[in-house]
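Visitor: This is the structure, below, for whatever I ask next.
Rule-based calculations on the coordinates, nothing more; no lab input. This one's a predicted model, so the numbers in the text were calculated from it and none came from an experiment. We place every Cβ from the backbone using ideal geometry, glycine too, and count neighbours over all the protein chains shown.
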Amino acid sequence: MAGRGEEAAQLAAQGEKEITPGDRSILWIVCARSEILFYLGRWDEAEAILPAKNHGPGTTTLASVLLRRASLMLGRGDIEGARGAIEHARTFLADSVEPQYIAPTGALTVELELRSGNVEAAREAAAKAIDQLEFCSDDAARMALISAAATAVEAEAAERARDLGDRAELAAAQARAELGAARAAAAAEVTGRCLERAYQATRRPTWRGRATTATRARGRARRRAPGSASPVPTRRRCAGCARPKRAPPRANARRRARRRRGRWRRPSSSARSGWRPRSPD
């Protein structure tokens, strides 16, 4: 959470070696180390250290192993395998009040339903996890995680409503996306750590050159795919340049003033600079 993943992975590996063989706590450290390696992008290592079979001495321990496997399956596109692992884990966590289970399970369920195209189910999963966290915990890190997932749901809903021309649903989805982004930002302000600040970036127009989920909801991240029709009306462009034909209001006012004084002429259509007033000389 502090942005020191490599050090955390080394510390977890050292702790794993120092635990007495057969002690059930080794599975907790294995799951924690697997999660760290997953976020570091070392997925093969993250999978290799997990138990060969989905078993454990306690239900929460087994749920931790299942959630780690579900993360890897989702990352590799195995939707059905991830669904089975998540549903298996949820049977053990149905009455859980621990945020370290509520938020990851909710976030994985949201991602699973979005991959399956079921926005309503994803929204319900996010809302349920948020309600549980607000009722039983003040864990800012987990609240930032599920809030970012909820923002992603509403960004997807807003894009669908925009494509269908449903203005009422678009406005509602945008409002919910802003609420989710604000909740993630509030959690980041509480902790000030790197992980929560990354979730907070969902509110920015762009982050590291990429549009964020909140920007997708606002409708400022749409791009036309090569060879496809534009999903939304776009402004006509000049043939010779990439700037819009329409000038800013202030420039238009200056042009009208020059036109009244007789100092305006229309340049040829091949002029690369577009519309430009004639020099007084």
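Visitor: Based on the Cβ-Cβ distance of Leu40 and Glu134, what FRET efficiency does E = 1/(1 + (r/R0)^6) give at R0 = 30 Å, to the nearest 0.05?
Guide: 0.45
Visitor: Within the range 140-164, whose backbone N sits under 11 Å from a point 7 Å along Cα→Cβ of Ala182?
Guide: From the range 140-164, the list is empty.
Visitor: Considering the dipole of the range 1-110 built from charges on the beta carbon (Lys and Arg +1, Asp and Glu -1) around the Cα centre, which of Ile29, Gly77, Ile19 is farthest to its positive end?
Guide: The residue sitting farthest along the positive end of the dipole is Gly77.
Visitor: What base-10 log of the normalised intensity I(q)/I(0) is obtained for the range 84-161 from the Debye formula, alpha carbons as equal point scatterers, at q = 0.15, 0.23 Å⁻¹?
Guide: Taken in order of the listed q values, log10 I(q)/I(0) reads -0.46, -1.01.
Visitor: Still on this structure, I have one more. Pop out the ³J(HN,Hα) list for the range 111-126 in order, Karplus 6.51 cos²θ - 1.76 cosθ + 1.60 with θ = phi - 60°, rounded to Hz; leave Gly and Pro as x.
Guide: So the Karplus estimates, Gly and Pro as x, are 4, 4, 6, 5, 5, 8, x, 9, 5, 4, 5, 5, 5, 5, 5, 5 Hz.
Visitor: From the C-alpha gyration tensor of the range 1-113, pull out the three semi-axes of the equivalent ellipsoid (sqrt of 5λ each), sorted largest to smallest, in whole Å.
Guide: Each semi-axis is √(5λ); the values are 22, 17, 13 Å.
Visitor: Roughly speaking, what is the stretch gain from Leu164 to Thr91, that is 0.36 nm per residue apart minus the C-alpha to C-alpha distance, in nm to one decimal? Present the calculation step by step, with values, prior to reporting the outcome.
Guide: Details: separation 73, 0.36 × 73 = 26.28 nm, distance 3.71 nm.
The span from Leu164 to Thr91 would gain 22.6 nm if fully extended.
Visitor: Can you tell me the convex hull volume per residue for the range 5-218, based on C-alpha atoms, in Å³ to the nearest whole number?
Guide: In the range 5-218, the Cα hull volume divided by residue count equals 129 Å³.
Visitor: Once you charge only the Cβ atoms, +1 for Lys and Arg and -1 for Asp and Glu, what is the size of the charge dipole of the range 5-218 about its Cα centre, to the nearest 20 debye?
Guide: 520 debye
Visitor: What are the ³J(HN,Hα) values, in whole Hz, obtained from phi via the Karplus relation 6.51 cos²θ - 1.76 cosθ + 1.60 with θ = phi - 60°, for each residue of the range 170-182 in sequence order, with x given for Gly and Pro?
Guide: Residue by residue, the range 170-182 yields 4, 5, 5, 5, 5, 5, 5, 5, 5, 5, x, 5, 5 Hz.
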